[in-house]
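**Q** Provided herewith is a single structure, encoded as C-alpha cells, for subsequent inquiry.
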Amino acid sequence: ADGTTTSSASGTARRVSDDRSFAGSLGWTVLGAVIPGLGLVRGGRRIVGSLLIAAWVVVVGGLAGLAVTNRKLLLSYAVDPVILRSAAIALLVIAVVWVFSVGATHLVLRPSRPTWGQRAAGAGVVGVLSFLVAAPLAVGANFAVTTADGLAVFGQTSTTTPTVDAVDPWKDKDRLNVLILGGDSGTGRDIKLGIRPDSVSVLSVDTHTGAVSMFNLPRQTSKMPFPADSKLHKYFPNGFYDGSNPLNQEYALNAMYNNLPRLVPKNVLGNASSLSTDAMKLSVGEALGLKLDYYVLVNMDGFKDIINAIGGITVNVNDRVPIGGKNRNGANPEVEPTDWIEIGPNQHLNGREALWFARGRYHTTDYKRMARQRCVINAVIQQADPGTILTKYQSLISAATKTINTDVPPTLLPALADLALDMKGKPIRSILLNQDVGFKTWDPDWNMVHKLVKKTLAEANKSATSAPTPSASASPTGSSTATPSSTASPTSTPTATSTATSTAKEKSANLNDECAYHPSK
C-alpha cells in the first residue's frame, strides 16, 4: 500500500529503487570516487565494496606510513627501474578499477527509472569524476616510466666509485667530489677524433654544510699525474706525457679520454664501462689532491636541451661572446661568427645561447672561456627551480638520456637531492688555475695546486657557514625589488657581504662576485 514493495509471481518481495533520490545517488557517487567501494557498500554490494575499501586503506596507509617512518626506503623504491615499471602497470590497473567503481556506484544507487535528464546529468558527473580519478594515475604511470627510462644514464660500471651505505650515504663521508666533463664530440667535429672534453671541472661538496667548491683544469694541461698505487702510474710514471714535448696536445688533458685507452691494456683498471672516465677520475683527482667519487659526462651539443628544459639561465655578460666562428689554424682560414651574445647584465640565455656562452672560442682565450663555464655551472646550481623542473620533467629526462652519462648509482639519487637543497643559495668558491697563481700548463706544480685546493675548501666552508640568506644576498645593487625570489637574476655587481669578506689573503673567488656584471674588469 505504501509503494515500497511489490509481489512477484513467486510471492517474494523486492525493494523498488525509485524511492532513492537522484541527488543522494550523486552524493554517494562522489564519496565513492574519493574512497572507492564506499558507495557500493551503501548500495548493497558489501563484499566488492569492502574489498575495494580495504585495498584503498592498505595502499594509501602503507605509502603514508613509509613516508613518515622510512622515507629513505620509499625513495629507494622511486629509483628502482623494475619497481617503477611495475608501479606504472599497477597505477593503470588501479585507474581502471577505480573508474569502474565510480560508474558502478552510480548505477547501483540511482533510481531504477531515471529520466533522460537524470541519465545525462549522471553520465556527466560520472565522466568528470572518472577523469579526476584516472588522469592523475595515468600521469603518475607516465612519470614512473619516464623516470625508469631516465635512470639508464646512471650507474655505469666503474672501478673507482666508493662503497657507500645505502641507508646513510654520508655517514662516513665528509666530502663528495664529482668530475664534470663537457664532451666536445658533436657538430663540426671529425668523428675520428672522438671525444675531447672541452671542459674539465670538479665540484666538491661538504656533505655536512653544503659548502661548494669548484676547480677547473685547463684542457691543454700536460703531465697529468696518476696515483702511485694506480696501475696507470706504471705506464705513465711522469704523468700523461710523451717524455719529450710537454706541448704535444695528443698528451694533453683533453686528449686523455680518447688517447689513453689506445696506449694501455683494455682491462688495466678492471672491468669498467669506460676506461677513459676512470683514468680521468684518477688523474684529475691526483692533480688536485682529492679522491674523486663519481663522474658526469655531458655531451655539449645536447647541453642546450638541458638548459631549455630548466627554462634557460640568466648570466652577466662582460665580454662579447661569439656564436660560431673559427680562428685561423694553419692552412684553415678564419671563419667569422654568425652572431654575438652582447655585453649586458642579467641576460637570459636559452639553450643554444648558453652553449655558445660556455664554448665560444673565436678571438678569446681558454681562460676566459673557463671563467664563463664556471658561471654557467654556478647559474644552473643557483637558478634551477624545483617547480620548473617538475613541470618540464619529461623534456629534462629526455634530454638527459641523450646527453648525460655517469657512474653515480641510482640508489644515491635521494641523498643527492637532499644535498642539492643544502647547496642551493650557498656561495661557490673557485680558483682559476692560470699563470696568475703560478700555474703553468706545460710544467704544472702539483704540490702548489694541492695547497690552493685545500685553501679553497677551507674558504668555502667559511663562506657557507657565514653566508646570508639567498633573498638578502641576491638583491642587486640599485634594484627596486628588495627581496627577489630564489630564481631571480644574478647580481649586477658584487654583493656587499661577499665583497666585505674578501681579502687579499683569500686564494679563491666567490663565483657570485666573479660572475657579477663588471665589463671593465
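The values are calculated or read from the model by the stated rules, or taken from the named source; none is laboratory data. This is a predicted model, so every value here is computed, not measured. Neighbour counts are summed over all protein chains in view; Cβ atoms, including those assigned to glycine, are modelled from backbone coordinates with ideal geometry. What goes into the accessible areas is simple: the full protein's heavy atoms, side chains included, and nothing from ligands, DNA or RNA. Shrake-Rupley method; radii C 1.70, N 1.55, O 1.52, S 1.80 Å.
**Q** With angles folded into 0 to 90 degrees, how steeply does helix 366-383 sit against the dominant principal axis of the chain? Use alpha carbons for both and round to 10.
**A** 20 degrees
**Q** Of all beta bridges DSSP finds with both residues in the chain, what is the antiparallel percent, to the nearest 5?
**A** Details: 33 of 44 bridges.
The answer is about 75 percent antiparallel.
**Q** Accessible area per residue, 1.4 Å probe, Å², for segment 307-428: what's the number?
**A** Working: 5510 Å² over 122 residues.
It amounts to 45 Å² per residue over segment 307-428.
**Q** Helix 46-69: angle to the longest alpha-carbon principal axis of the chain, degrees 0 to 90, nearest 10?
**A** The angle comes out at about 30 degrees.
**Q** Continuing with this model, one more query. What whole number of Å gives the distance from the Cα centroid of segment 130-168 to the Cα centroid of segment 334-381?
**A** That distance is 33 Å.
**Q** Sorted by packing (mean other beta-carbon atoms within 10 Å per residue), highest first, where do 352-361, 149-158 land?
**A** Numbers: 352-361: 21.8, 149-158: 18.5.
Per-residue mean Cβ counts within 10 Å order the peptides as 352-361, 149-158.
**Q** Next question, about the same structure. Evaluate 2.2 N^0.38 Å with N set to the residue count of the chain, then give the Cα radius of gyration divided by it. Please report the intermediate quantities before stating the final value.
**A** Details: Rg = 30.4 Å, N = 521, 2.2 N^0.38 = 23.7 Å.
Ratio of Rg to 2.2 N^0.38 Å for the chain: 1.28.
**Q** Using packing as a proxy for protection, rank 321-327, 254-260, 171-177 so that the peptide with the highest average count of other Cβ atoms within 10 Å comes first. Mind showing how you got there, number by number?
**A** Numbers: 321-327: 18.1, 254-260: 21.1, 171-177: 14.4.
Per-residue Cβ counts within 10 Å, averaged per peptide and sorted highest first, yield 254-260, 321-327, 171-177.
**Q** Do any of Lys223/Lys304; Lys72/Lys454; Lys368/Lys426; Lys281/Lys402; Lys231/Lys507 go past 27 Å between their Cα atoms, and which? Present the calculation step by step, with values, prior to reporting the outcome.
**A** Working: Lys223/Lys304 32 Å; Lys72/Lys454 33 Å; Lys368/Lys426 24 Å; Lys281/Lys402 22 Å; Lys231/Lys507 34 Å.
Among Lys223/Lys304; Lys72/Lys454; Lys368/Lys426; Lys281/Lys402; Lys231/Lys507, the Cα-Cα distance tops 27 Å for Lys223/Lys304; Lys72/Lys454; Lys231/Lys507.
**Q** Pop out the carbon and sulfur fraction of the accessible area of segment 105-226 as a percent, whole number, probe 1.4 Å.
**A** 61 percent
**Q** Per DSSP H run of at least 4 residues, take -39500 (n - 2.57); add these up for the chain, divide by its residues and hand me the 222 nm value, nearest 500 deg cm²/dmol. Present the calculation step by step, with values, prior to reporting the outcome.
**A** On the way: 19 runs with 243 residues, N = 521.
Here the helix-only value at 222 nm equals -14500 deg cm²/dmol.
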